[in-house]
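Reading through the structure tokens given below for one structure.
The values are calculated or read from the model by the stated rules, or taken from the named source; none is laboratory data. No experiment lies behind these values; they were computed from the predicted model shown. Because the Cβ atoms are built from the backbone with ideal geometry, glycine has one as well, and the counts that use them run over all protein chains shown. For accessibility, only protein heavy atoms count, side chains too; no ligands or nucleic acids. Shrake-Rupley method; radii C 1.70, N 1.55, O 1.52, S 1.80 Å.
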Amino acid sequence: MYRQDNRRYAPREVRLVRVAPHDRRAAARRKRDRKRIAIMLMTFLSLSAICLGIFYCVIDFVFFDLLAPEKAVVFAEENGEKTPQEILGEPEAVNTGDLVRLAEEAKPTIPLIAIDAGHGGEDDGCCRGDVHESHLNMELAERLSAKLQSMGYETLLIRPNHETQMSVEERVEKAETAGADIYVSIHQNACEEAEETVSGIETWYYGDREGSERLAQLVHNGAIEKTGAYDRDVRDTDELYVIRETSVPACLIETGFLSNSGERQALCSAEYQEKLAEGMAQGIDLFFHPKTMYLTFDDGPSEDNTTTVLDILKERGIHATFFVVGENVKKHPDIARRIVEEGHTIGVHCYNHDYKTLYKSVDSYLEDFQKACDAVYEATGVEVKLFRFPGGSVNAFNKTVYAEIIEKMTEKGYIYFDWNASLEDAAKNTTPEALVQNAVSSTLGRQKVVMLAHDIHYDTAQCLEELLNSFPEYEMKPLTPEVEPIQF
């Protein structure tokens with residue numbers, strides 16, 4: 001370099017300072033810059049969202065509130081009588097009333113029990129001394145109502161107090177108007193003084209009213225069980241207006257004889273009245289919430305006896321389960337088909353009922369079972385899922401093989417059912433009456449019962465009507481793969 005005066009400057013030393021990438025001041029500047037950018041971006045997005053919301057609100061107001069009617073006119077002119085739903089395929093809006101109705105239908109319904117205390121007002125009914133039937137009926141009705149309400153039911157006292165007097169027509173009309181689900185009339189009995197030893201409970205129903213017999217049986221059985229009173233049975237009649245003219249299941253219970261001094265004294269006691277009310281309430285509860293019984297028949301089909309059984313079940317609207325023998329299916333394929341066609345469950349018992357051959361080995365059992373399955377499929381087209389071991393899953397003939405058989409069958413997806421109650425109809429020298437008694441005594445009041453019977457026996461078919469009548473507290477159902485099995 002040179003000065004203007006042409007004299008050269010003395011050279012200077014220049015130091016270059018390198019800024020390292022990790023210099024703290026540069027890093028701080030970059031951090032501040034990123035923060036500013038982030039704040040600016042968030043602000044921009046927020047403002048955009050607000051503007052977009054305002055835009056949509058304006059469009060909604062202009063189009064739907066101001067222009068929609070005008071557009072609807074244009075739409076109608078262009079498309080004639082067709083609706084937008086017909087052209088665009090859009091579903092119609094649900095009516096608000098429909099929504100309310102659907103919501104109400106979804107609510108669980110609480111049964112309404114009409115309780116009719118017989119007589120009343122100037123009509124005392126039968127009287128002995130200072131004991132008036134109408135007063136006893138009212139006291140029992142009130143106790144029954146309280147019991148049922150404590151169990152979650154709604155009740156309607158047809159006669160609200162001692163003073164009210166009502167005709168039989170008014171009683172039925174009140175229950176019908178209120179929409180009662182069942183009707184229970186309470187009365188007391190009496191006979192001539194010379195027959196004052198007559199006692200006990202009897203209950204009446206009208207046989208042409210569906211459900212009335214079952215209701216009468218349950219109310220009657222509950223009262224007998226709780227009080228220990230003499231059982232005068234359940235009876236059919238068409239002479240009692242209040243149970244004949246109601247449109248719902250109805251019964252009339254005579255809870256005792258006022259002409260019997262001992263029973264009259266009991267009926268006047270609060271303790272005995274509580275027992276009666278508890279028993280009747282128990283029966284009513286079972287009417288609405290029955291236990292479950294799976295009625296099962298082994299060893300068929302039989303030409304005569306299985307046909308009788310099927311006829312009775314069809315008439316009663318009951319479905320059962322038939323564990324069939326393959327040989328008998330081969331003999332009577334039409335009956336096997338009828339079992340399936342009428343809605344019963346069909347399962348396999350075995351092909352040949354020879355215990356020694358059947359349980360000789362695991363393979364012999366599996367071979368017999370497959371042969372039975374093939375027979376059922378050939379006759380009915382049903383692929384069996386349920387089966388029952390001849391003699392039960394554990395018996396004297398299969399002790400050495402039953403565990404492995406169960407394992408193999410379970411692997412194949414089959415389900416076996418044993419039982420926890422029985423008619424004992426495979427025994428010798430039976431009678432229809434004895435079979436029913438065996439069935440009743442072996443249930444032990446269980447909530448879930450798998451009842452064993454055999455449809456190849458004459459006595460079983462002959463006692464079936466009485467057997468079904470003996471279990472009003474049970475709802476009869478067929479077994480399915482979804483039912484938790486009873487197994488030994």
* Asked: Restricting attention to the stretch 392-400, does a residue exist that is of a type in the set (A, V, I, L, M), open to solvent by 30 Å² or more (accessible area, probe 1.4 Å) and within 16 Å of Gly347 (Cβ to Cβ)?
  -> no
* Structure fact -> Flagged pairs (Cβ under 8 angstrom, 6 or more apart or on separate chains; first in the stretch 389-408, small (Gly, Ala, Ser); second part of a helix (DSSP H, G or I) and open to solvent by 20 Å² or more (accessible area, probe 1.4 Å)) are Gly391/Tyr355; Ser393/Tyr402; Ser393/Ile406
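To keep it simple, each residue is scored yes or no on (1) at pLDDT below 95; (2) out of contact with any helix residue (DSSP H, G or I) (no Cβ under 9 Å at 6 or more places or on another chain); (3) more than 29 Å from Glu466 (Cα to Cα); (4) among the small types (Gly, Ala, Ser).
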{"position": "Leu267", "(1), (2), (3), (4)": "no, no, yes, no"}
{"position": "Asp285", "(1), (2), (3), (4)": "no, no, no, no"}
{"position": "Phe288", "(1), (2), (3), (4)": "no, yes, no, no"}
{"position": "Thr292", "(1), (2), (3), (4)": "no, yes, no, no"}
{"position": "Leu313", "(1), (2), (3), (4)": "no, no, no, no"}
{"position": "Asp334", "(1), (2), (3), (4)": "no, no, no, no"}
{"position": "Arg338", "(1), (2), (3), (4)": "no, no, no, no"}
{"position": "Val348", "(1), (2), (3), (4)": "no, no, no, no"}
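Each row is one residue, and each column tells you yes or no for (1) open to solvent by less than 10 Å² (accessible area, probe 1.4 Å); (2) more than 18 Å from Glu411 (Cβ to Cβ).
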residue	(1), (2)
Pro333	no, yes
Val340	no, yes
His344	no, yes
Asn352	no, yes
Lys360	no, yes
Asp368	no, no
Tyr377	no, yes
Glu383	no, no
Phe387	yes, no
* To do: Scan the stretch 172-188 and give yes if some residue there is under 19 Å from Gln273 (Cα atoms), open to solvent by 30 Å² or more (accessible area, probe 1.4 Å) and among the polar types (S, T, N, Q), otherwise no.
  => no
* Structure fact -> Exactly one of Ile182, Ile158 is touching a Pro at 6+ places or on another chain (Cβ under 8 Å), hydrophobic (A, V, I, L, M, F, W, C) and in contact (Cβ under 8 Å) with a residue 40 or more places away in the chain, and that residue is Ile182
* Are any of the residues in the stretch 380-387 touching a residue at least 60 places away in the same chain (Cβ under 8 Å), out of contact with any helix residue (DSSP H, G or I) (no Cβ under 6 Å at 6 or more places or on another chain) and among the hydrophobic types (A, V, I, L, M, F, W, C)? -> yes
* Asked: Out of all the residues in the stretch 146-168, which are under 11 Å from Ile113 (Cβ atoms), assigned to a helix (DSSP H, G or I) and open to solvent by 10 Å² or more (accessible area, probe 1.4 Å)?
  -> Lys147, Gln149
* On the given criteria, is Glu193 under 16 Å from Ile253 (Cα atoms) and among the charged types (D, E, K, R)? -> no
